[in-house]
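For reference, the structure is listed below as structure tokens.
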Amino acid sequence: MRAAVLFGPRDLRVEQVPEPEGDVIVEVEAATTCGTDVKMWRHGHRILGPYPCAFGHETAGMRTDTGERVLVSDSVACGACGSCRAGRAQICRDPVWVLGGFAERIGAPEAALHRIPDGLPAAAAAMAEPFAAAVHAVARGTDAADVGVLGGGPMGLMLAALLVADGRSVTLADPHPERRAQAAEIGATADEALARHELVFEAVGRTDAWRAAAAATAPGGTVVLVGGCPSGTEVTLPTGPLHYEELELRGSFHHSREDVDAALEGLARDEGLWRTLLGPTIPLEQLPAALATPTGGPAKKWVVDPRRLASA
Ligand SMILES: [Zn+2]
Ligand SMILES: [Zn+2]
């Protein structure tokens, strides 16, 4: 079969590879790209296997054994570690990662599969993976009515869409006018910077943004840190507000199986959650060029449909 294989930093090739192995083989209908893919393509990532390695973690398609349409989650928690036993599977200490969505077929453990609600297109279903992380991040926050979101990339827009759908007043800050327009489209107030809000989500993944998110949080408020900074990074924060204003800082990482199911249900119920993120559909062969395309305009996710041929 054809698959996009990562041979090293910035070296992604579409090649003929052996058929995948796994409990269940899924015929891929849509695999969406995200910022993590760009990071992995540029620098590698701790969850990638040794090069050459399979790639792609937002994957939807059809089980070849039953014909059921499924989302292939990118991870299966171990169920046995301290985090899993404490009900926090998203920070499982020993998860199995399921990568390889940028291919005609992917092999996955049964436990990674989630039924796609009827009527939800494969491209939107594939987005349930990052959406589940947004669902989890919202749950890490509080029920504050006034919320700020820092960053208008896909994650920031997903957070804003979920919070708006929940009836909150949301302000999203991003320097790019195209992304502010997307935020306005989904019902958030868009600005270049945040004022101070009771609850602030950081969705950039840079230390200056972590600091800005804390600075934009009102006394007694909560900051949810959603964007992952490069590994090994350290951040300095002013102690004053942490102490005298009792700011609460909470990390948010990944998602649990329940978050993925909630994301799929939400995406099926409300097209407004995902419509703005849907980018062009491309064949596998165009993926290397797509990942190399500079970001900075509107926040869109490419949809790889491996059934398409390069000439199509
Ligand atoms: Zn992703
Ligand atoms: Zn575990």
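The values are calculated or read from the model by the stated rules, or taken from the named source; none is laboratory data. Note that the structure is a prediction, hence the values are computed from the model and not measured. Cβ atoms come from the backbone with ideal geometry, glycine included; neighbour counts cover every protein chain shown. Calculation scope for accessible area: heavy atoms of the full protein, side chains included, ligands and nucleic acids excluded. Shrake-Rupley method; radii C 1.70, N 1.55, O 1.52, S 1.80 Å.
For the stretch 46-74, which positions are within 16 Å of ligand 1 (Cβ to nearest atom) and touching a His at 6+ places or on another chain (Cβ under 7 Å)?
Correct list: Leu71, Ser73, Asp74.
Which count do you get for residues in the stretch 139-155 that are in contact with a Leu (Cβ under 6 Å, 6 or more places away or on another chain) and either surrounded by fewer than 24 Cβ atoms within 10 Å (Cβ to Cβ) or among the small types (Gly, Ala, Ser) (or both)?
Number of matching residues: 5.
If you scan the stretch 100-134, which residues turn out to be touching a Gly at 6+ places or on another chain (Cβ under 8 Å) and either assigned to a loop (DSSP other than H, G, I, E, B) or crowded, with 24+ Cβ neighbours inside 10 Å (or both)?
Matches in the stretch 100-134: Gly100, Gly101, Phe102, Ala103, Ile106, Ala108, Pro109, Ala126, Phe131.
Looking at the stretch 260-287, which of the residues that are closer than 22 Å to Pro306 by Cβ and of a type outside the set (A, V, I, L, M, F, W, C) is farthest from the chain's Cα centre (by Cα)?
That would be Glu285.
Which residue pairs have Cβ atoms under 7 Å apart, sit 6 or more places apart or on different chains, and have a first residue in the stretch 162-182 that is within 18 Å of His136 (Cβ to Cβ) and a second that is among the polar types (S, T, N, Q)?
From residues that are within 18 Å of His136 (Cβ to Cβ), the pairs are Val170/Thr189.
Just one of Glu285, Glu248, Glu265 is surrounded by 13 or more Cβ atoms within 10 Å (Cβ to Cβ), modelled with pLDDT of 95 or more and within 28 Å of Asp11 (Cα to Cα); which is it?
The conditions single out Glu285.
Out of curiosity, is Ala188 open to solvent by 50 Å² or more (accessible area, probe 1.4 Å), free of Cβ contacts under 8 Å to residues at least 60 places away in the same chain and away from ligand 1 (no atom under 16 Å from the Cβ)?
no
So His43 clears everything in (1) under 23 Å from the mean Cα position of the chain (by Cα); (2) at pLDDT 95 or above; (3) open to solvent by 30 Å² or more (accessible area, probe 1.4 Å); (4) more than 15 Å from ligand 1 (Cβ to nearest atom) except one condition, right? Which one?
Single failed check for His43: (2).
Only residues that are modelled with pLDDT under 95 and exposed (fewer than 15 other Cβ atoms within 10 Å of the Cβ): list them for the stretch 229-245, please.
Result: Pro230, Ser231, Gly232, Thr233.
Taking only pairs six or more apart or across chains, which ones have beta-carbon atoms under 7 Å, a first residue in the stretch 77-106 that is within 21 Å of Asp37 (Cα to Cα) and within 15 Å of ligand 1 (Cβ to nearest atom), and a second residue that is open to solvent by 60 Å² or more (accessible area, probe 1.4 Å) and not in a helix (DSSP H, G or I)?
Gln90/Phe253
Can you name every one of the strands (runs of 3 or more DSSP E) wholly within the stretch 142-257 that holds 3 or more residues which are out of contact with any Pro (no Cβ under 9 Å at 6 or more places or on another chain) and under 21 Å from Gly35 (Cβ atoms)?
146-150, 169-173, 197-202, 217-225
Any chance you could count how many residues in the stretch 74-91 are surrounded by 19 or more Cβ atoms within 10 Å (Cβ to Cβ) and either within 8 Å of ligand 2 (Cβ to nearest atom) or assigned to a strand (DSSP E or B) (or both)?
So the count comes out to 5.
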